[in-house]
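Just below is one structure, and these are the notes that go with it.
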Amino acid sequence: MTNTNFDPIILSFCCNWCSYAGADLAGISRLQYPTNVRIIRVMCSGMVHPNLVIDALTKGADGVIICGCHIGDCHYLEGNLKAQSRAEAIKLMLQDFGIEDERFRIEWISASEGPRFAQVMKDFTEEIKKIGPSPYKV
Amino acid sequence: MVTLIINNQKIEVEEGTYLLPAIESLGIKVPTLCYHKALMPYGACRLCVVEVQVPGRDSSLQASCSYPIINGINVFTNTERIFRARKVVAELLLARCPDSEAIINIAAEYGVKEPRIKKKYEDCFLCGLCVRMCEERMGRSAIGFTGRGSRRKQETPYGKHNVMCWTCGACNFICPVGKKVQSFTIDTIPISIPDSFNMGLNERKPVSVLYPQAIPNKPAIDNNTCLHLNYDVCGICKVVCEAKAIDYEQKEQKSELNVGAVILSPGYNPFNPELKPDYGYGKFKNVITALEFERILSASGPFQGKILRPSDKTDPEKIAWIQCVGSRDYERDYCSAVCCMYATKEAIIAKEHEGEKLKCDIFYMDMRAFSKGFEEYYIRAQKLGVNYIRCRPLSIKEIPETNNLIIDYLTENDRKLSGEYELVILSTGLTAPGQAKKLAEEFSLELNKYDFCETSSFAPVDSPKEGVFVTGVFTEPKDIPESVMQGSAAAARTLSLLFTEKGKLVKKKVYPPEKDITGEEPRVGIFVCHCGKNIGGVINVPEVVEYARTLPDVVYAEDNLYTCSAESGEKIKQAIKEHNLNRVIVASCTPRTHEPLFQSIIQEAGLNPYLFEMANIRDQCTWVHMHEPKLALQKAKDLVRMAVAKARFLEPLYNRKVKISRDALVIGGGVSGITSALNLAEQSFEVYLLEKRDTLGGNFMKVKFMLNGDDPQKKLNSLINKVKHHPKIHIYTNSQIVKIDGSVGNFSTEFKSDDNVHTVNHGVVIVATGAEDYKPTEYLYGQDKNVITQTELEEKLANGYLQTTNHKQQTVVMIQCVGSRDEKRPYCSRICCQQAIKNALMIKEKSPDTNLFILYRDIRTYGFNEGYYTKAREKDVRFIAYDADKKPEVEKINGQLKVSVYDPVLNAKVNIKTDLLILSTGVIPRDDAKDLAQKLKVPLTSDGFFLEAHMKLRPVDFATDGVFLCGLAHFPKTVDESIAQALAASSRASTIISKEEIELAAVISNVVDENCDGCAYCIDPCPYKALTLFEYMREGSIKKTVEVDELKCKGCGTCMATCPKKGIYVRNFKLEHIAAQIAAALQTVE
């Protein structure tokens, strides 16, 4: 059941070249999505250390989403592939911390996919709202 | 001027103005639905009520939009009384128009979800914006109010069509509740302006940005449709634009340039399918062109990436593509070269979108997947269920009730079938650009009969006029990589003419000396932008400024109407000096467009440009949360807090410069290598040209004649002579590379040549090592002397075979795709079809009575070579298609070669006794490519050809800087394509060595020696091979650590994310920085 009063905090790591630009395009196209998302710009999705994701989720973030270029389009050749393999590891680590799998996602969003960015953020926020607040939330 | 007080803040405004703009100028948001800056105030909606206290009287509620300011009044905008009043108004409006999104949003802000009174479901609340718009701005007065009291409504005189209405749609545009005007004005709909970028599939406004990613990303006024420019009415954009950027007086300007060379790249015109009326384009709504479908597939297209058909905007479940519309026909006997692949791509994307349920049929004649990776892509499409039907349908019929389309077609064995489709896409071809004739006249070009500017094989981008170059589809239909290659090739040819002039127009910006901030505590200055109404219209910017001042280390904060204006730039510089700022944050738009501007501004004030951070409160906040101002404000504060958290850690960074060697190394002395070397030498660079064999010339020495009649060996020899006698080219034959060290700008290569060992230093490398012919093992090759390859046939023909007139009638069979397009080598070798047709025509020329059969899978004579395919058919060369799973069989019976093949047209096996069997063998990569790839640390494809940085957009670059690629080493190609790519490689190489030094990226990795224990986890994942492990002696013991090659590192941070011990980081993206941003994001604000 969706908790209507729960206003989750969601962190989104966006790569500079595709997803961050996709987020900008959502803005240029005035596509509305929930205010819960806070974007942190990184150069590449492959730059996001698993510890940062764990750190965020154990310190009160209700959801974390890494966004990178589509496979094959990485500005740094294969950073997104690295991020993808790390995502598997992150999922395993989350189990140890007792954090639900669904609180972490990885998505590929290109610079021309403003609508997709808005949609992904809408869906993810909805999903987090369904799961409820992070168990680590004070 | 009059003075008033708003929320205890004193403000001066012009006399005779109204209250609402004054309040808004302070960044205070007031709800309103009936106010528009460009129209006279009307006071209809009453949402903008505020409390006004005239001195000496009690305060009263007033509609601020229509309240003229009186000197000395005291205004409150945020009291309980106002809230209650607005809530009642919002509730009444909601009851009247409960479906209006704008009203629902405003009501929600005042806590009203359901009105307590009965809902009326009106679509108009009589705000009068449309009436005022029509009268005041358009001067038409075509609509007005009629009736009184509860019967008041808005309509045209007598409710009939009013001739005064010119269907401009301004009333429609301005309506705050989105009422559709045509229902109450006239029976014609407002004039729509088709959006040209989306192929007219949707509409745009007279002021628009061409497409979301256009550069510059600025709107322009279309002078054909703007009513102000045409009839001197409207003009509201000028009133609304807070940046005062609208200038109606701007005129087209002519300028004259003095140039040394001209490059013509006019592109192409898509074929107009209305010229093929049988396909019903323009008549049947659901017959569209592939370019239109391309826009439909695009996320930024007319339907936001949803696959909808034009007639009823439903998603089709059965789509057909018809290939060769406007190509390969009687009038246009050429192949457009790109349509097979774009249709395949569109079908794959559509299937990825829609999944299993979507059926895609492609009607084709020959599937021309001849470029790198294309055949594999074609196979993938088939595996995904894209259905290829070999047939050219003659016409399309429409079922009027459903707007579905019927295609009748014949299968290969003459069976008549019919298919019903919900959408049909015409794969329209490429025709000559519209201005071809004009350009030809102006630059004395010669056009071929299709109006393209065909060029010679040995000078693929040269026009007949010196200094005028032609590129792209203008020379022949071609795909993106070939166009990019030709573009770079034209640049190379230009450089060889104008190298002495290079860089003369570059102006360098000089900055004041940089301030040393070592040891200083962070002093952060924040500039929050209103961006006119873009940010300020949604959130209260001064409140963000107030909040920013409370954040740690922030010593200064201010707001600007436009932080990017020249005036604000001066203010930033002034603030840096006055407040001794050492970190600057701009909270405005996106760093992707504006970071360089602000970095330059702080540099002008003596700060290192990397001491700058942006908070994206527009694109990623107010624009995407327009209806949630409270939450948007909170988020803006969060984003500013996150920026401060990071900015406190920022360090000054420097783009280090390194001196480089300006010589070039070219590996391979075939046509490609020779061309690259010669062009670089013409640009005055020293070139080392290495050839493995004892002579220059490579594979091209085997080409004896050409389709267009050119003499290949004469051309090759003249090229070789030029290279041999060029003083700047140093040729080393019989050479072999021992090792290659270093990186871009400073390579050092050791090689053997004629038993001597040499070492040369060079700044760039060009790989032009070529490829080989496949040596067949099938079809009795090597067992029977009458089974030979095309290359051997060419040699034979050149040496007099079939020259004598008195020989007996011969039969010759050619088998295509020997060693290509099979399981072992899935790629198409691209050139064998042309070679077969070339040799076939030569045989027919020498001995017209020869029986000639070509057994093929698809004939891939792309571009103008299609004409030779037609010619071959006219000369009675017989083409028999065979399937991959029904390959021809060859036997030798009593000394006679017999070829048998299943003919799909006859639906029977055909046996041919032949005198000569020619195998069209594919091109295969060289064995030693792997060795060179390892030495250069560059990748190969799974087929064994060298792999470029990007198949479409960077066809001659490797991902490794300073290494370039051309010729057959990249992929099989024709001589003109090899030459274009070779020129492109030298052009790309010269971008590096034409400078004395190279500037390295500043945001790159750094090793923390104390933390690094030499585990080397980071080394393999590095995509640029920029990390090496090394050991040194520290305090008497061996210490392992990692070293970053600053020339190779690009700062992707893969190493940082891999390191378990914080032993390596990307500058200004340290884990600590990002962790600080996370902590700031999670901190809850009051």
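Have a look at B:E543, B:E520 and point out the one that is surrounded by 13 or more Cβ atoms within 10 Å (Cβ to Cβ), outside any strand (DSSP E or B) and touching a residue at least 24 places away in the same chain (Cβ under 8 Å). It would help to see each step written out before you state the result.
Working: B:E520 fails: surrounded by 13 or more Cβ atoms within 10 Å (Cβ to Cβ).
Just one listed residue meets the conditions, B:E543.
Identify all residues within the range B:946-982 that are outside any helix (DSSP H, G or I), out of contact with any Lys or Arg (no Cβ under 7 Å at 6 or more places or on another chain) and under 19 Å from B:Y862 (Cβ atoms); write none if there are none.
B:K952, B:P955, B:H970, B:T974 - these are the residues of the range B:946-982 that are outside any helix (DSSP H, G or I), out of contact with any Lys or Arg (no Cβ under 7 Å at 6 or more places or on another chain) and under 19 Å from B:Y862 (Cβ atoms).
Of a type in the set (D, E, K, R), at pLDDT 95 or above, in contact with a strand residue (DSSP E or B) (Cβ under 6 Å, 6 or more places away or on another chain) and closer than 25 Å to B:V975 by Cα: does that describe B:E772? If you could, list the steps in order and put the result at the bottom.
Values: of a type in the set (D, E, K, R): yes; at pLDDT 95 or above: yes; in contact with a strand residue (DSSP E or B) (Cβ under 6 Å, 6 or more places away or on another chain): yes; closer than 25 Å to B:V975 by Cα: yes.
Taking the combined requirement at face value, the residue satisfies it.
Could you list, in sequence order, all residues of the range B:243-294 that are aromatic (F, W, Y), open to solvent by 40 Å² or more (accessible area, probe 1.4 Å) and either out of contact with any Pro (no Cβ under 9 Å at 6 or more places or on another chain) or not in a loop (DSSP other than H, G, I, E, B) (or both)?
Start the filter on the range B:243-294 by keeping residues that are aromatic (F, W, Y), which leaves B:248, B:268, B:271, B:279, B:281, B:284, B:293.
Subset that is open to solvent by 40 Å² or more (accessible area, probe 1.4 Å): B:268, B:281.
Hit for the range B:243-294 is B:Y281, nothing else.
Mind telling me which of the residues B:A989, B:A1057 ends up being buried (at least 17 other Cβ atoms within 10 Å of the Cβ), part of a helix (DSSP H, G or I), at pLDDT 95 or above and within 14 Å of chain A (Cβ to nearest Cβ)? Lay out the reasoning, then the answer.
On the way: B:A989 fails: within 14 Å of chain A (Cβ to nearest Cβ).
One residue alone meets the criteria, B:A1057.
Scan the strands (runs of 3 or more DSSP E) fully inside the range B:320-406 and keep the ones with 2 or more residues being modelled with pLDDT of 95 or more, in contact with a helix residue (DSSP H, G or I) (Cβ under 7 Å, 6 or more places away or on another chain) and open to solvent by less than 50 Å² (accessible area, probe 1.4 Å).
Numbers: elements: B:359-364, B:387-390, B:396-399.
The qualifying strands (runs of 3 or more DSSP E) are B:359-364.
For B:H758, work out the one condition from (1) open to solvent by 40 Å² or more (accessible area, probe 1.4 Å); (2) touching a residue at least 24 places away in the same chain (Cβ under 8 Å); (3) assigned to a loop (DSSP other than H, G, I, E, B) it doesn't fulfil.
(3)
Sort through B:Y801, B:Y779 and tell me the only one that's modelled with pLDDT of 95 or more, over 30 Å from B:A933 (Cα atoms), open to solvent by 30 Å² or more (accessible area, probe 1.4 Å) and not hydrophobic (A, V, I, L, M, F, W, C). Outline the logic, then answer.
Working: B:Y801 fails: modelled with pLDDT of 95 or more.
From the options B:Y801, B:Y779, the qualifying one is B:Y779.
Inspect all residues belonging to the range A:1-23 and state whether any of them is among the charged types (D, E, K, R) and open to solvent by less than 10 Å² (accessible area, probe 1.4 Å). Can you show your working first?
From the range A:1-23, those among the charged types (D, E, K, R) are A:7; that's our starting set.
Remaining after also requiring open to solvent by less than 10 Å² (accessible area, probe 1.4 Å): none.
Looking through the range A:1-23, none of the residues is among the charged types (D, E, K, R) and open to solvent by less than 10 Å² (accessible area, probe 1.4 Å).
Identify all residues within the range B:1060-1084 that are within 10 Å of another protein chain (Cβ to nearest Cβ), open to solvent by 10 Å² or more (accessible area, probe 1.4 Å) and either touching a helix residue (DSSP H, G or I) at 6+ places or on another chain (Cβ under 8 Å) or among the basic types (K, R) (or both); write none if there are none.
Hits for the range B:1060-1084 are B:K1062, B:Y1065, B:F1069, B:L1071, B:A1075, B:Q1077, B:A1079, B:L1082, B:Q1083.
Only one of (1) more than 10 Å from chain B (Cβ to nearest Cβ); (2) open to solvent by 30 Å² or more (accessible area, probe 1.4 Å) is not met by A:I90, so which one is it?
Only one criterion is unmet by A:I90, namely (2).
Would you point out the residue of the range B:995-1025, among those that are under 30 Å from B:L498 (Cβ atoms) and either at pLDDT 95 or above or of a type in the set (A, V, I, L, M, F, W, C) (or both), that is least open to solvent (accessible area, probe 1.4 Å)? Steps first, please.
Pass one, the range B:995-1025, residues under 30 Å from B:L498 (Cβ atoms): B:995-1001.
Keeping just the survivors that are either at pLDDT 95 or above or of a type in the set (A, V, I, L, M, F, W, C) (or both) gives B:998, B:1000-1001.
Details: B:I998: 27, B:L1000: 11, B:A1001: 49 Å².
Once the filter is applied, the top-ranked residue is B:L1000.
Considering only residues of the range A:54-104 that are touching a Leu at 6+ places or on another chain (Cβ under 8 Å) and in a helix (DSSP H, G or I), which is nearest to A:D123 (Cα to Cα)? Talk me through it step by step, then tell me what you get.
First pass over the range A:54-104, keeping only residues touching a Leu at 6+ places or on another chain (Cβ under 8 Å): A:54, A:56-57, A:59-61, A:63-65, A:71, A:74, A:94, A:97, A:99-101, A:103-104.
So of that shortlist, the ones also in a helix (DSSP H, G or I) come out as A:54, A:56-57, A:94, A:97, A:101, A:103.
On the way: A:I54: 22, A:A56: 20, A:L57: 19, A:L94: 21, A:F97: 24, A:D101: 15, A:R103: 12 Å.
Among residues in the range A:54-104 that are touching a Leu at 6+ places or on another chain (Cβ under 8 Å) and in a helix (DSSP H, G or I), the one nearest to A:D123 (Cα to Cα) is A:R103.
Yes or no: the range B:641-657 includes at least one residue that is under 30 Å from B:S743 (Cα atoms) and either free of Cβ contacts under 8 Å to residues at least 12 places away in the same chain or open to solvent by less than 40 Å² (accessible area, probe 1.4 Å) (or both). Even if it seems obvious, please write down each step before you answer.
Taking the range B:641-657 first, the residues under 30 Å from B:S743 (Cα atoms) are B:650-657.
With either free of Cβ contacts under 8 Å to residues at least 12 places away in the same chain or open to solvent by less than 40 Å² (accessible area, probe 1.4 Å) (or both) added as a condition, the list becomes B:650, B:653.
Yes, the range B:641-657 contains a residue that is under 30 Å from B:S743 (Cα atoms) and either free of Cβ contacts under 8 Å to residues at least 12 places away in the same chain or open to solvent by less than 40 Å² (accessible area, probe 1.4 Å) (or both).
Could you list, in sequence order, the residues of the range A:1-57 that are at the interface with another protein chain (Cβ under 8 Å from one of its Cβ atoms) and of a type in the set (S, T, N, Q)?
A:N16, A:S29, A:Q32, A:T35, A:N51
Look at B:E466 and say whether it is surrounded by fewer than 14 Cβ atoms within 10 Å (Cβ to Cβ), closer than 19 Å to B:A980 by Cα and over 25 Å from the mean Cα position of the chain (by Cα). Walk me through it before giving the result.
Numbers: surrounded by fewer than 14 Cβ atoms within 10 Å (Cβ to Cβ): yes; closer than 19 Å to B:A980 by Cα: yes; over 25 Å from the mean Cα position of the chain (by Cα): yes.
Answer is yes for this residue.
Out of curiosity, is B:S942 polar (S, T, N, Q) and part of a helix (DSSP H, G or I)?
On the way: polar (S, T, N, Q): yes; part of a helix (DSSP H, G or I): no.
No, not satisfied.
How many residues does the range B:140-181 contain that are on the phi > 0 side of the Ramachandran plot and open to solvent by less than 30 Å² (accessible area, probe 1.4 Å)?
So in the range B:140-181, the residues on the phi > 0 side of the Ramachandran plot come out as B:141, B:147, B:149, B:158-159, B:167, B:169, B:178.
From the residues that got through so far, the ones that are open to solvent by less than 30 Å² (accessible area, probe 1.4 Å) too are B:167, B:169.
Number of matching residues: 2.
Working only within the range B:614-630, note down all residues that are open to solvent by 20 Å² or more (accessible area, probe 1.4 Å) and acidic (D, E).
B:E628, the sole residue that qualifies.
Which residue is nearest to the other protein chains (Cβ to nearest Cβ), if the candidates are limited to the range B:270-280 and must be in contact with a helix residue (DSSP H, G or I) (Cβ under 8 Å, 6 or more places away or on another chain) and under 25 Å from B:L210 (Cβ atoms)? Steps first, please.
Of the range B:270-280, the ones in contact with a helix residue (DSSP H, G or I) (Cβ under 8 Å, 6 or more places away or on another chain) are B:270, B:273, B:279.
Filter once more, so that each one left must be under 25 Å from B:L210 (Cβ atoms): B:270, B:273.
Details: B:P270: 21, B:P273: 27 Å.
Checked the range B:270-280; the qualifying residue nearest to the other protein chains (Cβ to nearest Cβ) is B:P270.
Please give the strands (runs of 3 or more DSSP E) falling wholly within the range B:24-84 in which 1 or more residues are among the β-branched types (V, I, T). Lay out the reasoning, then the answer.
Details: elements: B:49-53, B:60-63, B:74-76.
Qualifying strands (runs of 3 or more DSSP E): B:49-53, B:74-76.
Which pairs turn up if I take residues in the range A:112-138 that are over 18 Å from B:K306 (Cα atoms) and look for partners that are acidic (D, E) and part of a helix (DSSP H, G or I) with beta carbon separation below 8 Å, at least 6 apart in sequence or on another chain?
Qualifying pairs under 8 Å: A:E127/A:E102; A:I128/A:E102; A:I131/A:E102.
Given (1) open to solvent by 10 Å² or more (accessible area, probe 1.4 Å); (2) under 17 Å from B:T563 (Cα atoms); (3) among the aliphatic types (A, V, I, L, M), where does B:I585 come up short, assuming only one miss?
(1)
Count, please, the residues in the range A:24-34 that happen to be within 15 Å of the chain's Cα centre (by Cα) and open to solvent by 10 Å² or more (accessible area, probe 1.4 Å).
Taking the range A:24-34 first, the residues within 15 Å of the chain's Cα centre (by Cα) are A:33-34.
Applying the additional criterion that residues be open to solvent by 10 Å² or more (accessible area, probe 1.4 Å) yields A:34.
Qualifying residue count, the range A:24-34: 1.
Do we have any residue at all in the range B:1010-1026 that's more than 27 Å from A:A56 (Cβ to Cβ), under 29 Å from the mean Cα position of the chain (by Cα), within 10 Å of chain A (Cβ to nearest Cβ) and among the aromatic types (F, W, Y)?
Yes, the range B:1010-1026 contains at least one residue that is more than 27 Å from A:A56 (Cβ to Cβ), under 29 Å from the mean Cα position of the chain (by Cα), within 10 Å of chain A (Cβ to nearest Cβ) and among the aromatic types (F, W, Y).
Go through the range B:844-857 and give me each residue that's open to solvent by less than 10 Å² (accessible area, probe 1.4 Å) and in a loop (DSSP other than H, G, I, E, B).
Just the residues of the range B:844-857 that are open to solvent by less than 10 Å² (accessible area, probe 1.4 Å), to begin with: B:847, B:850, B:852, B:854-855.
B:S847, B:T850, listed by residue number.
In this structure, is B:L633 within 10 Å of chain A (Cβ to nearest Cβ), crowded, with 21+ Cβ neighbours inside 10 Å, among the aliphatic types (A, V, I, L, M) and touching a residue at least 24 places away in the same chain (Cβ under 8 Å)?
On the way: within 10 Å of chain A (Cβ to nearest Cβ): yes; crowded, with 21+ Cβ neighbours inside 10 Å: yes; among the aliphatic types (A, V, I, L, M): yes; touching a residue at least 24 places away in the same chain (Cβ under 8 Å): yes.
Yes: the conditions hold for B:L633.
The values are calculated or read from the model by the stated rules, or taken from the named source; none is laboratory data. Fair warning: this is a prediction, and the values are worked out from it, not measured in the lab. Cβ atoms come from the backbone with ideal geometry, glycine included; neighbour counts cover every protein chain shown. Please note that ligands, DNA and RNA were not included when accessible areas were found on the heavy atoms of the full protein model with its side chains. Shrake-Rupley method; radii C 1.70, N 1.55, O 1.52, S 1.80 Å.
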